[in-house]
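Heads up, the thing below is written out as structure tokens.
Read-outs: derived from the displayed coordinates by stated rules, not from any lab. Please read these numbers as outputs of a predicted model, since none were measured by experiment. No Cβ is skipped: glycine too gets one built from the backbone with ideal geometry, and neighbour counts run over all protein chains shown.
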């Protein structure tokens, strides 16, 4: 049966997907996508895109820090990625004296390029289908745990059989819900330095108001450089390191884009779930997204208030605010898009066709009824899970320190003093870093607001006693359960006190932590959550994941002519489409390209989202655009296409039909953010910075022409004429 299944998967393709839909493995382009891509205008071959025998496009695509994509744009290791991908590094190098967020940063020679400890750049050397080896001896009679044990054993054996260099790694990932497996041989460089970043007034223009929105006018880019040892291989940071000699880098087109132009986006998309049942989408739209939106909206309003009052606070909280706001707005657009495109109804119709196509005695007939029951049982638990994780893992900062304290206590009680000391020494630097950009009064206000929200919206069975009780008193008659007492008597929102605790003898430190009121609160909450939410939810989710694998297999067998592409899982993918506008609502049509005129139209002096510098105003007034203007003398800023992207594609190159860089992917149009669950070609659009705007900012705005000299600028359209 397995050989039949994979024959169906990879022979599939008598039908073609909508241009733009799908995230494809570059290894398989020759057999699956090359013909269609060339019909859409691509002038390359599949071998030009992915090759293990010679330099190809894949060798210019870099996994940036494990969370974004970047690409090589010079023979000397120069990396291009998004401003928001490099934001944390830019912030870490910023201060009131050197405010690189506000003013930008440009290394005018390589000695000025700034190191970033912990930042990595990973290349894919080779991709291999290892399904037969990973699923060896796996059969349908196995229990879920037996199956996973065999898979894990096979992967372990597979790893031992690969001869890797010490700087290489082997990553094995499941595809199609575990019905198929691919291995990726990677090389990771550890010395990645900041080269350049525009000011926020360019790199973050429009900030949160324009986030996920088209028309867009944001120059969302930054520049880094990979450094290597003298042998061009990965090495820890050293003054002796030299710029990487690139195996392949992307030339940059000065010809720009027109509607209908072919586009590729190459990168590391994070996570999609295109094959979920209708019950999952309904729960997301009606219950889970509204809860998370409300939580983040409440937290963001507090952060925004303080950031607008104090520039120091704005610098400290800029990156935090952006991270929280990003998915808050995404969830709003996602729900709107799912509702507008009738995603639930589409899933339900698909499921009816699936059921109708099944033989009456098919074991697959039980899948959807079981899903319905599982999602019903999951609903209240998933709701509490999202509340708990949003409060303790994201929005109340001090709760993350409490979790660190819980780990310290656990290490001591389970493994002794040595384990405590080892863990303490490992986390102390992160404590120092935490308080660098932390204000206790802000976090306390967020704590008060969000715990109140939790208590008001979550069933009381899941509310810890200390969140609402006020009847326990200390010797002075103070309520030790009140949030006021907890916040004023905890060591977790005070740097000096927490570090003092960490310097105590392990036994004394553990006793102090366990008597801390916020620690007690966190312990009580965690114990309640683990018992009543996490444990039962894990059992449900375990069964759902197993059923999803069977459902995926069933769909492929029932619809052998349907195009199936694997969900994103942070592995290298390519998506292709065309430059195209769209209509977000009745009587409204968005054209696919924006210009500097739009920046000026949005300009609001003094507003941190829409302010611009005098330098940019002067360049606009004099039309001093150099060779980067379009044929009409206008300065392009951004454009959109039908490429299927998601988180992780931030920083991915937009590549033209000839293999040249034409833009930098950084966002999706708000109405189409539901493409993680339901790609719809009518409104799903990815947003890219025009490469010419990037060059204009580097050259004419920043005066960093030496960086332009590293690059290869081309005119592919005129060369074809």
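Values computed for the structure shown
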| read-out | value |
| --- | --- |
| Linear extension gain, residue 99 paired with residue 45, 0.36 nm per residue minus alpha-carbon span | 14.9 nm |
| Taking the chain and dividing mean pair separation by its residue count, relative contact order in percent (alpha carbons under 8 Å, at least six apart) | 25 percent |
| Kirkwood Rh, angstrom, the stretch 576-721 [1 / mean 1/r, Cα pairs] | 16.8 Å |
| Förster radius 22 Å - calculated FRET efficiency between residue 149 and residue 542, Cβ distance, rounded to 0.05 | 0.95 |
| Fraction in percent of alpha-carbon pairs per bin - 5 Å, the stretch 486-545 | 4, 17, 18, 17, 12, 10, 9, 8, 5, 1 |
| Computed label-point distance, nm, for sites residue 308 and residue 570 using a 7 Å Cα→Cβ extension | 3.7 nm |
| Rounded Å value of the spacing that divides the Cα centres of the stretch 88-115 and the stretch 295-319 | 22 Å |
| Answer label for Kirkwood radius over Cα pairs in Å (calculated), chosen among (1) 28.3; (2) 26.0; (3) 27.6 | (3) |
| Highest-first arrangement of 363-371, 665-673, 246-254, 72-80, where packing means the average Cβ count within 10 Å | 665-673, 72-80, 246-254, 363-371 |
| Where labels lie 7 Å past Cα in the beta-carbon direction, separation of residue 345 and residue 614 in nm | 5.7 nm |
| Label zone at residue 247, where the point sits 7 Å out along the Cα-to-Cβ direction: the stretch 177-191 residues whose backbone N lies under 20 Å | 182-191 |
| DSSP beta bridges in the chain [antiparallel fraction, %, rounded to 5] | 95 percent |
| FRET E, pair residue 173, residue 108, Förster distance 41 Å, beta-carbon r, rounded to 0.05 | 0.50 |
| Segment residue 591-residue 166, extension gain: residue separation times 0.36 nm, minus the distance between their alpha carbons | 148.0 nm |
| Euclidean distance between Cα centres, the stretch 556-574 to the stretch 141-209, Å | 18 Å |
| Cα-based Rg / Dmax (Å) for the stretch 278-547 | 22.2, 74 |
| Relative contact order (percent, whole number), the stretch 278-547, Cα cutoff 8 Å, 6+ residue spacing | 23 percent |
| Estimated FRET transfer efficiency when R0 is 25 angstrom, pair residue 188-residue 132 (beta carbons, to 0.05) | 0.35 |
| Value of D in µm² per second that Stokes-Einstein yields for the stretch 218-305, Kirkwood Rh from Cα pairs, at 10 °C (1.306 mPa s) | 81 µm²/s |
| Segment residue 682-residue 353, extension gain: residue separation times 0.36 nm, minus the distance between their alpha carbons | 116.1 nm |
| Pair residue 240, residue 410: separation of 7 Å Cα→Cβ label points (nm) | 4.1 nm |
| Protection-proxy order for peptides 454-464, 561-571, each taking the mean of Cβ atoms within 10 Å per residue, highest first | 561-571, 454-464 |
| Estimated 222 nm signal from helices in the chain, with DSSP H stretches of n ≥ 4 weighted -39500 (n - 2.57), rounded to 500 | -13000 deg cm²/dmol |
